[in-house]
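Okay, structure first, notes after.
The values are calculated or read from the model by the stated rules, or taken from the named source; none is laboratory data. Small disclaimer: the values here were computed from a predicted structure and weren't measured. Methodologically, a virtual Cβ is constructed for each residue, glycine included, from the backbone with ideal geometry; neighbour enumeration extends over all protein chains shown.
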Amino acid sequence: MKLASFSIGGLKGFGAITDNGVIGLTGRLSGRQQTLREVLEADVLDEARTAIEGVEPDYPVDKVEFLLPIPNPEKIYCVGQNYREHILEMGYEIPTSPSIFSRYARTFVPHNGTMDMPSHSEHFDYEAEMTVVIGRPARHVSEADALKYVAGYTVANDGSVRDWQARGPQVAPGKNWENSGMLGPWITTADEAGDPANMSVKSWVNGEQRQEGNTSDLVFSAAFLVSYLSTFITLMPGDMITTGSPAGVAVGFNPPKWLKPGDKVEVEIGGVGRLSAKVG
Amino acid sequence: MKLISYRHQGREAYGVVKDGGIVDMSARMDHPSLKQAIAGLSINEMEKLAAAADPDVSLDAIEYMFPITTPEKIFCIGRNYRAYHEVLEDGGPKWPSIFPRFASGFAPHGEAILRPSVSEQLDYEGEIGVIIGKPGRHIPEENALDYVAGYTIINEGSVRDWQTKGTQNCPGKNFHRSGGIGPWMVTRDEIADLDALQIKTSVDGDSRQDGGSDMMIFKIPFVISHISQFTWLEPGDMIATGSPGGSAIESDPPKWLKPGESISINIEPIGTLTNPIAAE
């Protein structure tokens, strides 16, 4: 099942994306949930599955305006330097602990949205990332149990402003520019998405392929990351973890292929979805 | 004027601190929270209402909440104080160290800060917390204080060994309830000179930090201006502005916080933030 948040006719809600169109689910489940986060909090994905069985879509997909899959997540954690081949190519050592940082939701635009070209930098880069969406509160969970706490997966561009990433010892300023990343288009539930340790990760800029990797190359797997983060914080339904990006980002080219206004960025995660947005 | 968010007999409310009690503003105004009251530019109105009323409830009868119960963003500044007479190498850092935290990493005044089960290295950092009062982006340094609603006290608690596990300090700065915020905020007009504040931290009465805000390297107007280059600052957003010397890690052996201890951070004219330490 693919679940998305969107607005239609000015009303915000959520529903299921099917091959034939969108089935609206706002307020239609027995708990009258108004947001996808509430659906995850109530742990009623099975009810949603039943609710859409044999139901005709309400509207075509191109009639809805996508929002972030969870418009109001409590937390978004990101992982840097997590693809083995890319780390070795850059001449770094394979890390023994993951590099973790956080982003606020407002730094992402939804599917078909427009990213803001940073006003004070030309070093605007993309990072295609498979993204975990938490379904149940998770604290001190083992790696073996970790995927039981995952509702599904989505697609991210962990868009980065490289020169601001290097201003100070922490990357946060370069990772928290307003509307500098992408998230969506939907959450593909875990039962349908397949193995998170074997998903293709690709990106394109204006149709030119830039990145191609597979999550089988992750140093720290989705299951490890859920377990690791749950050591220090309770992961809550709707929280997201972007799991790092393979080789092929703009800064890796000589000269760097920075994003420019008008560029179209696309990211695809196999079994999850394809996310697209422009640079404004 | 001191503004507070609190829970009384199970009901969440906000108000003005007066004569050891609180004049309940949520009963007198339409704004559902202090964040919205501030965003609605209602500080002057609250002052008038409070002047004409007697306290509705005693401070002894309430549970404290974060002054802003649900801040969207909490940016923290690291390594932002020099020691007295210290000359910084090469004129000091060019850029501040900035990292975000989520509210779940903090406890309100009076509630326990949790010593993690996986680490003994729980440390404290007494800090001036800035609370933003109106939305701003690309704020010039010279106007930056116009965007401040007031100030609170932040214990930017840190788990030191987890701060250095990866390239980013995020894990050590995001432990569940490892810091404190409160007990309330004072409005901007109460502090005439931001360089004349004294930050005093004590653990079970034993003085640990006693530093003046005149030793701040990146001053509050600069920090507000700098952060607003990459993101909108919104009403209720907070900035923890860095801590003077005297953290536990600086003692030999380090004086890590232990369950059963009580930590207080005093910054006049704001007040004193006190939290017991408990085992997770």
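Considering only the stretch A:43-66, state which residues are without any contact (Cβ under 8 Å) to a residue 12 or more places away in the chain and either in the same structural domain as A:Arg136 (by TED's automatic domain parsing) or within 23 Å of A:Val150 (Cα to Cα) (or both).
Listed by number, the residues that qualify are A:Asp46, A:Thr50, A:Glu53.
Sort out for me the helices (runs of 4 or more DSSP H) sitting completely within the stretch A:6-122 that have 2 or more residues that are on the phi > 0 side of the Ramachandran plot. Don't jump to the end; show me each part of the working.
On the way: elements: A:36-42, A:45-52, A:84-89.
Qualifying helices (runs of 4 or more DSSP H): none found.
Test each condition in (1) buried (at least 16 other Cβ atoms within 10 Å of the Cβ); (2) under 24 Å from B:Glu111 (Cα atoms); (3) touching a helix residue (DSSP H, G or I) at 6+ places or on another chain (Cβ under 8 Å) for B:His31 and report the one that comes out false.
(2)
Consider only pairs whose beta carbons are under 7 Å apart and that are at least six residues apart or on different chains; among these, list those whose first residue lies in the stretch B:218-245 and is away from chain A (no Cβ under 13 Å) and whose second residue is of a type in the set (Lys, Arg) and part of a loop (DSSP other than H, G, I, E, B).
Hits for this filter: B:Pro235/B:Lys134.
Taking the condition of being surrounded by fewer than 20 Cβ atoms within 10 Å (Cβ to Cβ), hydrophobic (A, V, I, L, M, F, W, C) and within 9 Å of chain B (Cβ to nearest Cβ), how many residues in the stretch A:76-114 meet it?
1
Examine the stretch B:58-66 for a residue that is modelled with pLDDT under 95, over 28 Å from A:Ala105 (Cα atoms) and crowded, with 16+ Cβ neighbours inside 10 Å, and state whether such a residue exists.
To start, the set of residues in the stretch B:58-66 that are modelled with pLDDT under 95 comprises none.
Scanning the stretch B:58-66 turns up no residue that is modelled with pLDDT under 95, over 28 Å from A:Ala105 (Cα atoms) and crowded, with 16+ Cβ neighbours inside 10 Å.
Which one is farthest from B:Met185 (Cα to Cα) among residues in the stretch B:111-129 that are within 13 Å of chain A (Cβ to nearest Cβ) and touching a residue at least 60 places away in the same chain (Cβ under 8 Å)?
Taking the stretch B:111-129 and keeping what is within 13 Å of chain A (Cβ to nearest Cβ), we get B:114-119, B:121-122.
Add one more test, that the residue is touching a residue at least 60 places away in the same chain (Cβ under 8 Å), and what stays is B:114-117, B:121-122.
Details: B:Leu114: 23, B:Arg115: 26, B:Pro116: 28, B:Ser117: 32, B:Gln121: 29, B:Leu122: 25 Å.
Filtering first and then ranking leaves B:Ser117.
Listed residues B:Arg160, B:Arg188, B:Arg208, B:Arg177; which is among the basic types (Lys, Arg), under 30 Å from A:Thr231 (Cβ atoms) and more than 14 Å from chain A (Cβ to nearest Cβ)? It would help to see each step written out before you state the result.
Values: B:Arg160 fails: more than 14 Å from chain A (Cβ to nearest Cβ); B:Arg188 fails: under 30 Å from A:Thr231 (Cβ atoms); B:Arg177 fails: more than 14 Å from chain A (Cβ to nearest Cβ).
Step by step, each of B:Arg160, B:Arg188, B:Arg208, B:Arg177 is checked, and only B:Arg208 is among the basic types (Lys, Arg), under 30 Å from A:Thr231 (Cβ atoms) and more than 14 Å from chain A (Cβ to nearest Cβ).
Return the residues of the stretch B:242-280 that are aliphatic (A, V, I, L, M) and either within 26 Å of B:Arg82 (Cα to Cα) or modelled with pLDDT under 95 (or both); say none if nothing qualifies.
Here is the first cut: in the stretch B:242-280, the residues aliphatic (A, V, I, L, M) are B:248-249, B:257, B:263, B:265, B:267, B:270, B:273, B:277-279.
Matches in the stretch B:242-280: B:Ala248, B:Ile249, B:Leu257, B:Ile263, B:Ile265, B:Ile267, B:Ile270, B:Leu273.
I'm trying to understand the selection: among the residues of the stretch B:211-263, which are part of a helix (DSSP H, G or I) and acidic (Asp, Glu)? Let's see the steps before the verdict.
Filtering the stretch B:211-263 for residues part of a helix (DSSP H, G or I) gives B:213-215, B:220-230, B:248-250.
Answer for the stretch B:211-263, where residues must be part of a helix (DSSP H, G or I) and acidic (Asp, Glu): B:Asp214, B:Glu250.
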